[in-house]
Amino acid sequence: MNILVIEDEPKVARAIRQGLESEGSQVNVAATGEEGYFLAATHAFDLIVLDLMLPGRDGLEILHAIRQQRCAARVLILTARDTVEDRVLGLDAGADDYLVKPFAFPELLARIRALTRRGRPEQVLRLRLADLELDCVTRKVTRGSREIELTAREFELLEYLLRYQGHVVSREMLARDVWKAADRATPLDNVIDVHIARLRQKMDAPFKKKLLKTIRGVGFVVKEGEA
């Protein structure tokens, strides 16, 4: 899983990161509300572990903002606020679960496993962006009235990008989730870049509006408008 931990207590953040990485997850840590919001709003994560009491933006403000942007990541609130009112506020704001500090790490892992078993809300069968449409059942891709012929790998790549549309997807994420090669010693950056170039040539080059954008040094995003 690709997990974002927004937590300002260094010892807690370090313990969570080490524990989750030992379980095979890829973990990013943000120590302030502003940094956490930026990462959550611009990158694709499977899960966000969110503290409420943060310097800068507080956790509830971050949660409201990313849900308004239709961020589909699961959100687990992790906080010392333990009243019923606090729990209700967090869940109503869009959190999927709520764990009170201090906590036992096995319980955190159990709650994360439970969240992932619920399924991803964005697993729809037809994906659209502007005049681009991808049918996951027939594996047909069209843009406007034109059908776009893609290889199996190009289709998987485009499907992944569309499921995270509007969010930057890194090469590491593509290697792990599309190529299923997270444990390879040799990076797949060149292979990924070649497939991105071929996909761009097919889905963007013949059209005036460009949807597939490269964010230099970060990754790729499909979206309308400027990168």
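The values are calculated or read from the model by the stated rules, or taken from the named source; none is laboratory data. Quantities reported herein were computed from a predicted structural model and do not represent experimental measurements. Glycine also receives a Cβ, built like all others from the backbone with ideal geometry; neighbour counts cover every protein chain displayed.
Taking helices (runs of 4 or more DSSP H) as the structural unit, those lying wholly within the stretch 11-99 and holding at least 1 residues that are among the acidic types (Asp, Glu) and over 23 Å from His167 (Cα atoms) correspond to 84-92. If you go through the stretch 5-36 and keep only what is buried (at least 21 other Cβ atoms within 10 Å of the Cβ) and under 21 Å from Ala72 (Cβ atoms), you end up with Val5, Ile6, Leu20, Ala30, Gly33, Gly36. Can Ala110 be described as among the small types (Gly, Ala, Ser), closer than 23 Å to Leu76 by Cβ and assigned to a loop (DSSP other than H, G, I, E, B)? Against the criterion (among the small types (Gly, Ala, Ser), closer than 23 Å to Leu76 by Cβ and assigned to a loop (DSSP other than H, G, I, E, B)), Ala110 does not qualify.
Please work out which residue is surrounded by the fewest Cβ atoms within 10 Å (Cβ to Cβ), limiting yourself to the stretch 198-210 and to residues that are out of contact with any Asp or Glu (no Cβ under 6 Å at 6 or more places or on another chain) and in a loop (DSSP other than H, G, I, E, B).
Across the stretch 198-210, the extreme among qualifying residues is Lys208.
Tell me yes or no: at least one residue of the stretch 128-142 is in a helix (DSSP H, G or I) and either surrounded by 12 or more Cβ atoms within 10 Å (Cβ to Cβ) or modelled with pLDDT under 90 (or both). Looking through the stretch 128-142, none of the residues is in a helix (DSSP H, G or I) and either surrounded by 12 or more Cβ atoms within 10 Å (Cβ to Cβ) or modelled with pLDDT under 90 (or both).
Kindly provide the set of residues from the stretch 195-218 that are in contact (Cβ under 8 Å) with a residue 12 or more places away in the chain and among the basic types (Lys, Arg), ordered by number.
Arg198, Arg200, Lys202, Lys209, Lys213
Do we find a residue being surrounded by 15 or more Cβ atoms within 10 Å (Cβ to Cβ), within 16 Å of Glu7 (Cα to Cα), not basic (Lys, Arg) and not assigned by TED's automatic domain parsing to the domain that holds Phe207 anywhere in the stretch 106-126? The answer is yes, given that some residue of the stretch 106-126 is surrounded by 15 or more Cβ atoms within 10 Å (Cβ to Cβ), within 16 Å of Glu7 (Cα to Cα), not basic (Lys, Arg) and not assigned by TED's automatic domain parsing to the domain that holds Phe207.
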